[in-house]
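Participant: One structure, pasted below without further comment.
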Amino acid sequence: MAVLVTGATGFIAKWVLDCLLKENYQVIGTVRSQEKGDKLHKQFGSPSNLSFEIIKDISDTEAFKPLFKKRRKEIDIVLHMASPFHYNTSDYEKDLLTPAVNGTKGVFHAIQNYGDVKKVIVTSSFVAILDVAKFADGGAVFTEKDWNPATWEGCQTDPMNAYYGSKKFAEEIAWAFAKENNISLTTINPVLVFGPQKFDEDVTTQLNTSNEIINRLIRSKPGDKIEPDYHSVYVDVRDVARAHLIAFQKDTAGERLGLSNGGFSSQGILDILNEKFPQLNITKGSEPGKGDTKPAAKFDNRHSKKVLGFPFISLEQSVYDTATQVLKKEGYL
C-alpha cells in the first residue's frame, strides 16, 4: 500500500511525510522539479520507501493522469495537499483560485479514470468555513458545518479573500466528486498553522505565511507598534500532520476535521517571546501581560477533537519551538 502526498515540499506536508515514514508507509510525493524531489529525499535520509513524481503545474487538470496511469496499482490513499497559500499576487484567478480548483479537479479526475483509491484526504482550511464579515465579531461561533459564503467574483477584492475563496471552491469540488463517484473523502480544515519547520535548513528570513506572524514579532524593535495586530486562532503543524494520518487510519469518511487549539493575539505571542527570550530586546507591545483584549470569532471544533482523540500542542509550546528554531539558525541561541 502506498500513500500519495501532493505538494510534498510544503510546510505541513513535510511533517506529514515524517509521520508516514515513521509508521513505515510507502510514500509517493509530488514535487515541481527533480531538484526539489532530490533535496527532499536527501533531507529525510534517502529512505527506500519514499519516492517522487514530478507535477510541474497543478493548474493543468490533466497533470495528475500520467502519475496515476503509471502507479495506479500502488496508490491506496491520497493526501491532496498541493494548493497555493500566499498573498503576493494581484492576479487572483491565475495564482490562487485556478491552481486550487484545478489541482483538486485534476486529482479526482485521475482517480476516477485510473485509480483504485480507498480513501482521499484533502487539506482544506478553516477559511472554507469562515464568514469573513463575522470574523472580528467576538460573539460569533463557527463549527465544521459552516461554509464561507464567498462567491467567485466577490472574493477577488484582495489576495486574502481570494485565498479564502480558493479553499472553499476547491473543497466544494472535492465533496461533489466524492459524492458522484462514491469516494471516501475526509477534509482537514486547520486554522492558522504555527510551529517549527521540519528541517532547520528550511528556516529563512521570511517564513511561510502563518509563521511569519511570529517571525515579524521576533524581529521587532523596542517601542514598535504591533502592526498588523492579529486576533485569530491557531493550531500547531505537528498536530495537523498527525490528523492527516488519523483521518485515513480511522473511519472518518464524510468528516470535515476542524483543527484549532484556541485563540491567540499578537500581544499574547509577544508576551510569550518576552518571557522565554528576555535577551531579544523586542517590543513589549501596548498592553503587556493582558493577552488578547480583542478576541475574534471562535471556532468550536469539539467534535473534531473527539474524533481525533489526542491533546493538541499549546500556544506557548508552539511559539517557543518556532522561535527557538529561528533564533538558533541566526545564532542567538
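Participant: For segment 239-333, state the average projected area of the convex hull of the C-alpha atoms over all orientations, rounded to one decimal in nm².
Facilitator: For segment 239-333, averaging the hull's shadow over all directions gives 7.7 nm².
Participant: What do you get for trypsin sites (Lys or Arg not before Pro) in segment 248-333 restricted to DSSP loop and a cutoff of at most 12 other Cβ within 10 Å of the site's Cβ?
Facilitator: Within segment 248-333, the qualifying trypsin sites (Lys or Arg not before Pro) (loop, at most 12 other Cβ atoms within 10 Å) are Lys290.
Participant: Something else: Determine the percent antiparallel among the DSSP beta bridges restricted to the chain, to the nearest 5.
Facilitator: Counting DSSP beta bridges with both partners in the chain, the antiparallel share is about 10 percent.
Participant: With +1 on each Lys and Arg Cβ and -1 on each Asp and Glu Cβ, how big is the dipole of segment 143-279 about its Cα centre, in debye rounded to the nearest 20?
Facilitator: So the dipole magnitude of segment 143-279 works out to roughly 160 debye.
Participant: Counting only residues 5 or more places away or on other chains, whose amide H sits under 5 Å from the amide H of Thr30 once H atoms are built in the peptide plane?
Facilitator: Val5, Thr6, Gly7, Ala8, Glu53
Participant: Round to a whole angstrom and tell me the spacing of the C-alpha centers of segment 133-148 and segment 38-82.
Facilitator: 35 Å
Participant: Taking every DSSP beta bridge with both residues inside segment 182-333, roughly what % is antiparallel (nearest 5)?
Facilitator: Roughly 30 percent of the beta bridges in segment 182-333 run antiparallel, per DSSP.
Participant: Rg over Rh of the chain, using C-alpha atoms and the Kirkwood radius, what does it come to?
Facilitator: Radius of gyration relative to Kirkwood radius: 0.96.
Participant: Grab the other residues whose beta carbon is less than 13 angstrom from that of Pro196, score K and R as +1, D and E as -1, and report the net.
Facilitator: Once positives and negatives cancel, what remains is -2.
Participant: Of Lys22/Lys329; Lys94/Lys134; Lys42/Lys65; Lys198/Lys329; Lys145/Lys305, which pairs sit farther than 19 Å apart, going by alpha carbon to alpha carbon?
Facilitator: Checking Cα-Cα distances, Lys22/Lys329; Lys94/Lys134; Lys42/Lys65 exceed 19 Å.
Participant: Would you mind ranking Met160, Met81, Met1 by Cβ crowding within 10 Å, fewest neighbours first?
Facilitator: Met1, Met160, Met81
Participant: Counting each DSSP H run of 4 or more residues in the chain as -39500 (n - 2.57), what helix-only mean residue ellipticity at 222 nm follows after dividing by all residues, to the nearest 500 deg cm²/dmol?
Facilitator: -11500 deg cm²/dmol
Participant: Still on this structure, I have one more. Using the alpha-carbon atoms, what tilt in degrees (0 to 90, nearest 10) does helix 266-276 show relative to the longest principal axis of the chain?
Facilitator: Compared with the principal axis, the helix lies near 70 degrees.
Participant: In terms of the Cα gyration tensor, with a ≥ b ≥ c the square roots of its eigenvalues, is segment 1-126 rounded because a/c is under 1.5, prolate because a/b exceeds b/c, or oblate?
Facilitator: Oblate shape, in that a/c is at least 1.5 and b/c is the bigger or equal ratio.
Participant: Mind running the shape call on segment 108-157? Use the C-alpha gyration tensor, a ≥ b ≥ c as the square roots of the eigenvalues: rounded below 1.5 for a/c, prolate if a/b tops b/c, oblate otherwise.
Facilitator: Oblate.
Participant: Which angle between 0 and 90 degrees, to the nearest 10, do you get for helix 98-114 versus the longest principal axis of the chain when only C-alpha atoms count?
Facilitator: Orientation of helix 98-114: about 30 degrees from the principal axis.
Participant: With the cut-off at 1.5 for a/c, could you classify segment 140-189 from its C-alpha gyration tensor as rounded, prolate or oblate?
Facilitator: Cα axes put segment 140-189 in the oblate bin.
Participant: Hey, another quick one. What is the fewest-to-most order of Ile226, Ile269, Ile129 by other Cβ atoms lying within 10 Å of their Cβ?
Facilitator: Ile226, Ile129, Ile269
Participant: So what does log10 I(q)/I(0) come out to for segment 171-328 at q = 0.09, 0.12, 0.21 Å⁻¹, using the Debye formula with one equal point on every Cα and no solvent?
Facilitator: Debye output, listed in q order: -0.35, -0.58, -1.31.
Participant: Give me Ile111, Ile28 sorted ascending by neighbouring Cβ count inside 10 Å, so fewest comes first.
Facilitator: Listing Ile111, Ile28 from fewest to most nearby Cβ atoms yields Ile28, Ile111.
Participant: Which residue, Gly29, Gly268, Gly45, tops the fluctuation ranking in a GNM of the chain built on C-alpha contacts under 10 Å?
Facilitator: Residue with maximal mean-square fluctuation among Gly29, Gly268, Gly45: Gly45.
Participant: Of Asn102, Gly45, Ala63, which is farthest towards the positive pole of segment 21-133's charge dipole, taken about the Cα centre with +1 and -1 on the beta-carbons of Lys, Arg and Asp, Glu respectively?
Facilitator: Gly45
Participant: Could you pull out the GluC sites (Glu not before Pro) across segment 8-61 that fall in loop regions by DSSP (anything but H, G, I, E, B) with no more than 15 other Cβ atoms inside 10 Å?
Facilitator: Glu23
Participant: Same structure again: In whole Å, what is the distance between the alpha-carbon centres of segment 256-323 and segment 168-232?
Facilitator: If we compute the Cα centre of each part, the gap is 14 Å.
Participant: Can you tell me the orientation of helix 11-22 relative to the chain, as the angle in degrees between its alpha-carbon axis and the longest Cα principal axis, to the nearest 10?
Facilitator: Taking Cα atoms only, the helix is inclined about 60 degrees.
Each value in this text was obtained by applying a stated rule to the coordinates, not by laboratory testing. Source: prediction; values computed, not measured. A quick note on method: Cβ atoms are made from the backbone with ideal geometry, for glycine too, and the neighbour counts reach across all protein chains shown.
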